[in-house]
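Before any comments, here is the structure.
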Amino acid sequence: MSSVIFDIETLAFDLSSFDETQQTYLLKFADTDEKREQETQKLSLYALTSRIIAIAMLNPDTMAGKVFFQSDREEAYASENGKIEFRSGDEREILLGFWDAIARYDRFVTFNGRSFDCPFLLIRSAILQIRPTRNLLPYRYSTSEHCDLLDQLTFHGATRKFNLDFYCKAFGIKSPKSGGITGLDLGTMFEKKRFREIANYCLGDVVATSELYQRWSEYLNFETRT
């Protein structure tokens, strides 16, 4: 069975891009400057108020993959070992690349993909009038099509959820946040046109997820045991 791990990075649209009614709706509970800033930061979490700026995909068996990312120019290059292909484009182009690539795999693996990445990809695609090549939200309680590691590591919500950084540190895996970059830095990086760094940051998430997936597969996956 061929598998692919994927992760997305998102960035909110500027608040001024929404009309007055929309802004009022988005900030209706923000009665202080601090709350306004908090609500503005949250806009990156929703497919109706932000866009996808990078998608990384990695085959955990071969460690080969692709990263689609937004840039101000056309770029196509490979990693030093030649296993990762990087390709730039606008949001529509990177989504089309993603849907073309994922159609070739039997199973996909995410970290919190069911609650975030998958619905985000589906809604952004619909907004941009792109037909997805597969259903990213199949039956939740089987990993045959979609293995969401956050679901698996919390036993479908039976225990507390932690972020990827915390799980990596607990399992002795190098955290993708160890370079000092977090999701809060992406806006500034995008403004400064540090597009390749954003692409590498997204790739770091799937590499870490791949290691966590291997640990789960070896010690906690009971579906494939006889």
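The values are calculated or read from the model by the stated rules, or taken from the named source; none is laboratory data. Because the structure is a prediction, the values reported are computed rather than measured. All Cβ positions, glycine included, derive from the backbone under ideal geometry; neighbour counts span all protein chains shown.
Structure values in brief
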quantity	calculated
Of the criteria (1) over 17 Å from Thr110 (Cα atoms); (2) aliphatic (A, V, I, L, M); (3) touching a helix residue (DSSP H, G or I) at 6+ places or on another chain (Cβ under 6 Å), which one Leu26 fails	(3)
Filter result for Ala199 (of a type in the set (Gly, Ala, Ser), out of contact with any Ser or Thr (no Cβ under 7 Å at 6 or more places or on another chain) and more than 29 Å from Leu220 (Cβ to Cβ))	yes
Condition met for Phe190 (modelled with pLDDT of 95 or more, hydrophobic (A, V, I, L, M, F, W, C) and assigned to a helix (DSSP H, G or I))	yes
Number of positions in segment 61-84 that are loosely packed, with under 14 Cβ neighbours inside 10 Å, touching a residue at least 40 places away in the same chain (Cβ under 8 Å) and in contact with a Ser or Thr (Cβ under 8 Å, 6 or more places away or on another chain)	2
Subset of segment 158-185 [in a helix (DSSP H, G or I), farther than 25 Å from Lys83 by Cα and either hydrophobic (A, V, I, L, M, F, W, C) or without any contact (Cβ under 8 Å) to a residue 40 or more places away in the chain (or both)]	Phe166, Lys169, Ala170, Leu184, Asp185
From the options Ser144, Ser210, Ser217, residue that is surrounded by fewer than 19 Cβ atoms within 10 Å (Cβ to Cβ), more than 16 Å from Arg114 (Cα to Cα) and not charged (D, E, K, R)	Ser217
Matching residues, segment 87-113, being buried (at least 18 other Cβ atoms within 10 Å of the Cβ) and touching a His at 6+ places or on another chain (Cβ under 9 Å)	Phe108, Val109, Thr110, Gly113
Unique residue being under 26 Å from Asp165 (Cα atoms) and modelled with pLDDT of 95 or more when the list is Leu136, Leu128, Leu96	Leu136
Residue that is surrounded by the fewest Cβ atoms within 10 Å (Cβ to Cβ), among those in segment 29-58 that are touching a helix residue (DSSP H, G or I) at 6+ places or on another chain (Cβ under 9 Å) and in a loop (DSSP other than H, G, I, E, B)	Phe29
Evaluation of Phe155 against (1) among the hydrophobic types (A, V, I, L, M, F, W, C); (2) out of contact with any Phe, Trp or Tyr (no Cβ under 9 Å at 6 or more places or on another chain); (3) in a loop (DSSP other than H, G, I, E, B); (4) closer than 17 Å to Ala47 by Cα (one fails), failing number	(4)
In segment 114-130, residue surrounded by the most Cβ atoms within 10 Å (Cβ to Cβ) [restricted to those that are in contact (Cβ under 8 Å) with a residue 12 or more places away in the chain and assigned to a loop (DSSP other than H, G, I, E, B)]	Ile130
Number of positions in segment 142-158 that are in contact with a helix residue (DSSP H, G or I) (Cβ under 8 Å, 6 or more places away or on another chain) and over 25 Å from Ile102 (Cβ atoms)	1
